[in-house]
Amino acid sequence: MTLSILLVVSAALFSIGLLAALSRRHAIFILIGIEMMLAAANINFIAFWRFVPAPALPTGVMVVIFAIAIAAAEAAVGLAMVIAVYRHFRTTDVDQLNQLKG
Amino acid sequence: MNTAAFALIAIFTITFALAAATNPRLMHAALSFAVMYIGIAAFFFLLGAEFVGLVQVFVYVGAVAVLIVFTILLTRRDVGERHEFKWGGVAVAIAVFVGLVWAILKTTSIAVAPPVAKALTVKQVGEALMVSYVWPLLCVGVLLTAALIGALILVMEDKPS
């Protein structure tokens, strides 16, 4: 197991998240794709932290803890917005949300 | 570091990520999403960041997955997603993946085995959080409070006047 194979797995996860964010029509799954991309970035942080010659300081771990907290806040606000949009338009299909003035 | 364990976890995580990204049934995709996070937490355990792995399981499998399932149930009217797929998104995702893999494999300096490291204890993490990273920690606390109040205001029912 080398750093590059770990980065390849993380790149695959990022691309799957991008695929979900770009090709799904349901708003919740666009959020899920964004969360997947954030998780891929977290794997990269931990991998680079682990592969420096002497990982004495827990810098990478700290970054990932803060990233998880901010991603959780983003998920909460995003899902609240999905519910608010659903109340207004009666749909969560992002292709039908095409009017700026409700 | 165990190569077999790494391969197993990688296949597990990628499989469930693909299932979450492409399954047209919303509830199944949301559950695959939750299971994918267990695979990612296993990566963190394998890399010696046990605390982060545990936090990941608590936050995502515990909280965010429940939140997503609740949102699906609350917006259930159009549960059947139209099944056609946007192939433009697939093309962009494959192009990004090929580009990233090309860049990673071209960089020879990162094809190294991990150095031997002593384990990071929770005590060290706690000391770092409370000493060097105390201001970011407080800022994240304020951010979480503001985000949750904002989420509540967003979904609040309009009072009939």
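Before moving on, here are some points about what is shown:
Quick grid of which residues meet (1) surrounded by 14 or more Cβ atoms within 10 Å (Cβ to Cβ); (2) closer than 20 Å to A:M37 by Cβ; (3) assigned by TED's automatic domain parsing to the domain that holds B:L8; (4) modelled with pLDDT under 85:
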position	(1), (2), (3), (4)
B:T22	yes, yes, yes, no
B:A65	yes, yes, yes, no
B:R77	no, no, yes, yes
B:A91	no, yes, no, no
B:S109	no, no, no, yes
B:A113	no, no, no, yes
B:V116	no, no, no, yes
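- Residues that are surrounded by fewer than 24 Cβ atoms within 10 Å (Cβ to Cβ) and of a type outside the set (S, T, N, Q) were ranked within the range A:15-25; the one that is farthest from B:F70 (Cα to Cα) is A:L22.
- When the range A:14-60 is filtered for residues that are in contact (Cβ under 8 Å) with a residue 40 or more places away in the chain and more than 23 Å from A:M1 (Cα to Cα), the ones remaining, listed by number, are A:R25, A:H26, A:A27, A:I28, A:I30, A:L31, A:I34, A:E35.
- Some residue of the range A:53-74 being among the hydroxyl-bearing types (S, T, Y), over 11 Å from the mean Cα position of the chain (by Cα) and within 7 Å of another protein chain (Cβ to nearest Cβ): no
- Considering residues of the range A:26-40 that are modelled with pLDDT of 90 or more and not hydrophobic (A, V, I, L, M, F, W, C) only, the residue farthest from A:I16 (Cα to Cα): A:E35
- Every residue from the range B:118-152 that is hydroxyl-bearing (S, T, Y) and loosely packed, with under 13 Cβ neighbours inside 10 Å: B:T121, B:T145
- Flag for A:L3 being more than 7 Å from chain B (Cβ to nearest Cβ), more than 30 Å from B:R25 (Cβ to Cβ) and either surrounded by fewer than 23 Cβ atoms within 10 Å (Cβ to Cβ) or in contact with a Leu (Cβ under 8 Å, 6 or more places away or on another chain) (or both): no
The values are calculated or read from the model by the stated rules, or taken from the named source; none is laboratory data. Here the structure is a predicted model, which is why all the values come from computation and not from measurement. All Cβ positions, glycine included, derive from the backbone under ideal geometry; neighbour counts span all protein chains shown.
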